[in-house]
Each structure stands twice: as structure tokens, then as C-alpha cells.
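The values are calculated or read from the model by the stated rules, or taken from the named source; none is laboratory data. Bear in mind the structure is a predicted one, so any value in this text is a computation, not a measurement. All Cβ positions, even for glycine, are placed from backbone atoms using ideal geometry, and neighbour counts span all protein chains on display. Accessible surface is based on the protein model in full, side chains and every heavy atom, while ligands, DNA and RNA are left aside. Shrake-Rupley method; radii C 1.70, N 1.55, O 1.52, S 1.80 Å.
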Amino acid sequence: KSIDNLCFKSQSKHNTSSVAVKSEIAQRKDQTDTIAERKPFYVLQEERLEQAERSVLINCPPKTNEKKFLKHLSSHGEINTCFFYESFGTYALVEFSKKESIASLQEWTIIPSIQHEATVPFKSRLVSLKLNNPGDLSSVPSSIQCLRQSAIPINELVQRLSGADTIDQQLYTLTETYQLTEDNVRLRFLVCSLLKDIAAAYFPECTVKLFGSSVNGFGKLGCDLDMFLDLDGISGRKSKKTAGPFTLEYQMKRVSSERAATQKILSVIGECIDQFGPGCVGVQKILNARCPLVRFAHQPSGFQCDLTANNRIAIKSSELLYLYGSLDARVRALVFTVRCWARAHAITSSIPGAWITNFSLAMMVIFFLQKRDPPIIPTLDQLKGLAGPTDKQLIEGHDCTFVSNINRINTTENTETLEQLLKEFFEFYGNFSFSKMSINIRKGKEQSKPDVSPLHIQNPFEQPLNVSKNVNQTQLERFVSLARDSAWILQQDGMSHPLGAGAQPWGLAALLLPSASQTGGKGKKRRKREPASERIKSLLESLKNNKPNSANGNGKR
Ligand code: CTP
Ligand code: MG
């Protein structure tokens, strides 16, 4: 007896050898950074979403035989990619070559009949593989190789970095280790597409798009999934009145403002996610935030998800960051490194609060790289100057125009090493006049601060907004003090190269150690350790200033 006795239609139209080849390809962990391909951002997004629509997520028994599983599934059409991973069980992401295969698979998928319980019969592309004769599996060797979807712990990273030869190599190793993998990006777009199916029950013409670190090139394995429900593409918005004597108009509910409409839509979609969304748990509707959102965990993928609506400007800032990251390899390496350094020292946190966010750190790195001589990346105004007619975009009255074709941007003549840049980054922000100046990546120049917020980073598109409005003085001071300490550590003898087998972590590895701010290079005490009472006092201070759901409380816009 074989796994062919499953709850799908079993009808092999494809030979097993092609399936075997495909599965071998799928097994290879492809570390290639697909996000950094030189394709325009919107082209990549569309390709990925289309790929996701041809994909399903299948919960498999742990001992599934991969070959038989693929043979069984291929009865619905050719499989492009398949990989397995663990998240509250073993899952397979299966991407077919054609969308019709999904309809075929769904036609042969049954609705579970459960005793003493009932089901909400919402059919999604999240299915379970059930064995018709579970006993048969005992003879099947386990052959699934699960691919990791989370980042390695920091201590493992530190060890890996200690094995590098130069600081530059360390920064690139960190980037390669932490960046999203090809599989993880597929999974992200698939979850987005599953969400679209839920929202499409109300709004069949909607799209759900990804933004933030899932697509801006700076995402670390395990980062959250920022999604945006786009209803702008719904037909009829821009249609003109017909020429004859009559025009038909939809009767629609009216609400007081765009914000109120967004809140109502998200409230209903949030309810659908909560009540009918398979695998969606812990749904929270945070509708009074500056940018209303629905937050939930998607268990089958393991992603923490934020769904917003009417958030087109945030997509433009993701595109801008993607563009900067694609221009020069040093940009991504430095952003990944600074984010990792900040996380290692609890300067950033996964809990919303008065901490500096990853988005703010990326803006700070970009600003710093614009200020090098010669600059490594252009200012936003320069990118606007290079824009073509199709790049022109005005969103909610804000000019979001900048070039989308990377090939129009000249490469820099700056040849500084990452080692130099890392040191200079810490020096630059260790001495920056935060009390008077604001960081502005549109101009590539600091400007006088328009208000009293401790850290002011101008939003590149909504210029009156401060990206880091949530940050309090205590958190800014911690950042500055750690930047100074790190600059000092990197200046110590023996910090730029390995010290031999079994020696202390050096270079970037030394900067990531939790004790880096208290001890100098080679373990020498640099300054007296802050008494515990002082550290607790500073922590309490920062918690006191943390107002959840305030202006930027949820880190959105
Ligand atoms: N955003 C913004 N202004 C803010 C915060 C966020 O414009 N003050 C936008 C940015 O485009 C950001 C996106 O919302 O990329 C998602 O925010 P968030 O999840 O906080 O940041 P990420 O860049 O996704 O980084 P992380 O890996 O920490 O999730
Ligand atoms: Mg995010």
C-alpha cells in the first residue's frame, strides 16, 4: 500500500523522473538574494504575487515520503517548486506551473467531518494531507528535509563571524546569514495571497500587497509581514459619465472620512480573518492607531502579520529602500549590520515602544551613506530628478516621484571599505547634533529640527512627519553611547583581523557581544560598569515614556 491512497485525486499524468528532478532542485537551499535582482520593484512584486497565486500550503504528516507526495500532487499539473519547513507541524509549499492546477486540487479536496464540532466551510489554499491508512506509513522512511525559516541565534552568528578574515567579510557573512531566503520570500507572498482570498470574499477586485522589510531588501529571517489591502484598483472609480442621457452609479454606504472608511473595512476584514481565516490566531484590531491595522499570527507560516489599508505611501518608502539597497552592496551590508548590532544591545525591540525602529536605523544608514565624500548613494531629490514620465506619482497630495529604473543611476566612485564605513558610522552618530538637527534623506543634509522630539528623521514623502517620533531621550542616549563605545572598540589594536585560533571574538563579532558596551577590546575594563539600579532606572524611564498606540506607537507611518 502506498501514499497514493490520500484524500486527493490520484491520477498520474506526469512521469516520476521529472518530479524527482524538480524535487532535487527544490531541496537545494537557495541562498541567492532574489530581492536584490536588478528588476524594478513593482515588476518583482507582480511576478511574486502571480507565483503565489499558483501555490498551495499543505500540512503533512511528519513521515511523509517526499517522492510519493510529489507524484501524487503532480496529478494536478506540473510542479515548479516544493519545499518543506516546520511551523506548528510540517508544511510543504507547493508551486504549480499553472493556476488551473489549484482548481483541480481543490476539486479533489474534501471538507473535514469532525465529531462533536462543526467547521466554517471557507475553502482556502491551506490544506492538510491525510493518510487514508495511517498504519501503512510505518514502513515509509522519513525523507523530508525541512528548510529553516528563522535566523540562527546570535551566539552562532558570532562564532561564524569570528571565522572570517576581514571585517568586510564579516559584514557580508552577516548579511548572507540573516537575509530572507528565496523560500522564505515565496512563503511571504503566499500568505499575502491567502489573505487576498479572504478579503476578496467582500472585494473581489482587491489586491493585498507586501511592504516593509519583507520586500525592501533589508528583511531578516523572522521579521514581521507587513501587508496592505489595496482597493484602489476596483473598477468604476475612474470611469467617466456615459455620453447618453443616463449614468448608473452604485449605491454605497457613506462615511465621514477616508480614515473612517479604512477603519470600517479593516474591522470587517479583521473579523473575517478571526472567524474564517484558517491558521490565523490572536487577531487584534488596532483601529485607532495613526495608521489603523489588524495584527495577527499566521501559524502555518509562523509569521506575525500586520494588515493595513490605504497605505500606498508606505509602499513607496519600501520601494525607495529597495532601490537604495540595489545600488551598492555596501548599503545592505551596513543596514543589516547596524540592525543586528542594535538588536544585540536591545536598542531595538520586537515590542512597540520608545525604542528606535529598524526603519529609522535604515534611514540613518542611508543618510550617512549620502554624506560620504564622494557620496555612495544619491539623495531622494536627485532620484526625483532622474525620474521618467511614468515614475511621476502624487499620493494623497504628497510627491512620491523618483526613478524606478536602477540603470539610470550612475554608480558611485567611492571606494571605502565596509570596515571604514562601519567605524565612521559609529563616529558620525556618536557625535551627531541630535538636539538641534533633523535627518533628511530627501536633501542628504541635516536640517534644523522643527520640533522638540529627541530624534527627528523626516519622513521622505510625508515631509511634516517624523519617522522616529516614538523615540524618547533615554533611548536616543543609549544609542549614542553604544555608538561611541563601538567606535572605540573598533579602534583598539587587534580588532581588524583574527587573532588566531581560540582567540577572543574580534571586529564585528566583538561588537555584537552583550558585554561590548561595558568592556573594551581584549576584555579590559574601559569604564566602571553602570550599577544595576541605574540600568533599571533607565529601563523604567523608557517604559514610562512608552505610550502604546500613540501617533507612531505601532510603528506604521
Ligand atoms: N513605516 C513608515 N514610517 C514609520 C514606520 C514604518 O513609513 N514610522 C513604513 C516603512 O515603509 C516600513 C513599513 O512601514 O518599512 C513597515 O514598518 P515596520 O514593520 O515597523 O518596519 P520594517 O521596515 O518592516 O522593519 P522590521 O524588519 O522591523 O519589520
Ligand atoms: Mg515590518
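In table form, for the structure just shown:
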{"read-out": "Chymotrypsin sites (Phe, Trp or Tyr not before Pro) within region 190-227: DSSP coil, no more than 13 neighbouring Cβ in 10 Å", "value": "Tyr202"}
{"read-out": "Pairs of alpha carbons in region 360-495 whose separation is greater than 27 Å (percent)", "value": "28 percent"}
{"read-out": "Restricting region 249-321 to chymotrypsin sites (Phe, Trp or Tyr not before Pro) in coil, as DSSP defines it, with at most 13 other Cβ within 10 Å", "value": "Tyr250"}
{"read-out": "Placed amide H near Ile395: partners under 5 Å, 5+ positions off or other chain", "value": "Cys400"}
{"read-out": "Chain lengthening between Gln504 and Lys123 when straightened (0.36 nm per residue, less Cα-Cα)", "value": "131.6 nm"}
{"read-out": "Hz values of 3J(HN,Hα) by residue in region 376-382 - Karplus curve (6.51, -1.76, 1.60), Gly and Pro given as x", "value": "8, 9, x, 7, 5, 4, 5"}
{"read-out": "In sequence order, calculated HN-Hα J values of region 238-251 (Karplus, 6.51, -1.76, 1.60; Hz; x Gly/Pro)", "value": "9, 5, 8, 5, 6, 5, x, x, 10, 9, 9, 10, 5, 7"}
{"read-out": "Loop-located GluC sites (Glu not before Pro) in region 383-465 whose Cβ has at most 14 other Cβ within 10 Å (DSSP)", "value": "Glu396, Glu413"}
{"read-out": "Using θ = phi - 60° and Karplus 6.51 cos²θ - 1.76 cosθ + 1.60, couplings along region 471-487 (whole Hz; Gly, Pro as x)", "value": "6, 9, 4, 4, 5, 5, 5, 5, 4, 5, 5, 5, 4, 5, 4, 5, 4"}
{"read-out": "Order by protection proxy (mean Cβ within 10 Å, highest first), peptides 227-236, 450-459", "value": "450-459, 227-236"}
{"read-out": "Dipole of region 108-214 [Lys/Arg +1, Asp/Glu -1 at C-beta], most positive-end residue of Ser124, Asn155, Pro134", "value": "Ser124"}
{"read-out": "Mean accessible surface per residue for region 362-485, computed with a 1.4 Å probe while every protein chain stays in place, in Å²", "value": "44 Å²"}
{"read-out": "FRET efficiency for Lys67 and Glu46, using Cβ-Cβ distance with R0 set to 41 Å, rounded to 0.05", "value": "0.80"}
{"read-out": "Accessible area (Å², 1.4 Å probe, nearest 10) - Ser360", "value": "0 Å²"}
{"read-out": "Cβ-Cβ FRET estimate between Phe246 and Asp451, R0 fixed at 60 Å, reported to 0.05", "value": "0.70"}
{"read-out": "Long pairs among Lys423/Lys443; Lys264/Lys285; Lys99/Lys316; Lys384/Lys445, criterion Cα-Cα beyond 21 Å", "value": "Lys423/Lys443; Lys99/Lys316"}
{"read-out": "Under 16 Å from the Cα of Lys220 - aspartates and glutamates, other chains or at least 8 residues apart", "value": "Asp30, Asp33, Glu156, Glu176, Glu182, Asp183"}
{"read-out": "Surface/4 estimate of mean projected area, convex hull on alpha-carbon atoms of region 294-453, nm²", "value": "11.7 nm²"}
{"read-out": "Accessible surface, 1.4 Å probe, highest first, among residues Lys63, Lys384, Lys445", "value": "Lys445, Lys63, Lys384"}
{"read-out": "Volume of the Cα convex hull of region 233-377, divided per residue and given in Å³", "value": "201 Å³"}
{"read-out": "FRET E, pair Leu394, Ser113, Förster distance 45 Å, beta-carbon r, rounded to 0.05", "value": "0.25"}
{"read-out": "Built amide H within the under 5 Å cut-off of Asn80, gap 5+", "value": "Glu95, Phe96, Ser97"}
{"read-out": "Rg/Rg_globular for region 74-222, with Rg_globular taken as 2.2 N^0.38 Å and Rg from C-alpha atoms", "value": "1.35"}
